[in-house]
Amino acid sequence: MEHYVITAELDRRTLTEAHTDDILDRLADYHPALTTSSGGTIQAIITVPGDSYAQAVRTALAVIAEPVLSVHAITEQLRDK
């Protein structure tokens, strides 16, 4: 099983402090980070285990539980090269 770094572009441009805390608490087991994309949307970055890219993306979408515009997935091994 590999670990995948998933960057999900959320369908939002702003988050309240309470919503930010809620997302980070919900994603705490996945080493979360929230950032703003170059297009101004919020991005959630997490690390999830999976046997394939498809499984990792499905897991990420399930745990993020927010409307998502796009997803980028890469193995930790490839990211760290």
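The values are calculated or read from the model by the stated rules, or taken from the named source; none is laboratory data. All values derive from a computational prediction rather than experimental measurement. Here the Cβ is made from the backbone with ideal geometry for all residues, glycine too, and neighbour counts use every protein chain on show. Please note that ligands, DNA and RNA were not included when accessible areas were found on the heavy atoms of the full protein model with its side chains. Shrake-Rupley method; radii C 1.70, N 1.55, O 1.52, S 1.80 Å.
Backbone phi angles across segment 32-49, fed through the Karplus curve with coefficients 6.51, -1.76 and 1.60 (θ = phi - 60°), yield HN-Hα couplings of x, 9, 10, 8, 10, 6, 5, x, x, 8, 7, 10, 9, 10, 9, 10, 10, x Hz in residue order; Gly and Pro are listed as x.
Database remark: amide H of SER70 closer than 5 angstrom to the amide H of GLU9 (H placed geometrically; neighbours at sequence offset of 5 or more, or on other chains; Pro and chain starts carry no H).
With runs of 4+ DSSP H residues as the only contributors, calculate the mean residue ellipticity of the chain at 222 nm using -39,500 (n - 2.57) per run, divided by the residue total and rounded to the nearest 500. Write down the numbers at each step before the final one.
Values: 3 runs with 26 residues, N = 81.
Calculated mean residue ellipticity at 222 nm is -9000 deg cm²/dmol.
Counting alpha carbon pairs within less than 8 Å and at least 6 residues apart, what relative contact order, in whole percent, applies to the chain? So the answer I get is 48 percent. Each of VAL63, GLY39, ILE23 was scored by the projection of its Cα onto the charge dipole of the chain, and the greatest displacement toward the positive side belongs to GLY39; charges sit on the C-beta of Lys, Arg, Asp and Glu.
With θ taken as phi - 60° and the Karplus curve 6.51 cos²θ - 1.76 cosθ + 1.60 applied, the whole-hertz 3J(HN,Hα) list for segment 69-76 is 8, 7, 9, 10, 10, 8, 5, 4 Hz, x standing for glycine and proline.
Each residue of segment 56-61 was assigned a 3J(HN,Hα) from its phi angle through the Karplus expression (A = 6.51, B = -1.76, C = 1.60, θ = phi - 60°), giving 5, 5, 4, 4, 4, 4 Hz with x at Gly and Pro. Within the assembled protein chains, the solvent-accessible surface assigned to VAL68 is about 50 Å², based on a 1.4 Å probe. Charge dipole (Cα centre; +1 on Lys/Arg Cβ, -1 on Asp/Glu Cβ; no other charges) of the chain amounts to roughly 260 debye. Which shape class applies to the chain: rounded if a/c is under 1.5, otherwise prolate when a/b exceeds b/c and oblate if not, where a ≥ b ≥ c are the square roots of the Cα gyration tensor eigenvalues? Judged from the Cα gyration tensor, the chain comes out prolate (a/c at least 1.5, a/b above b/c).
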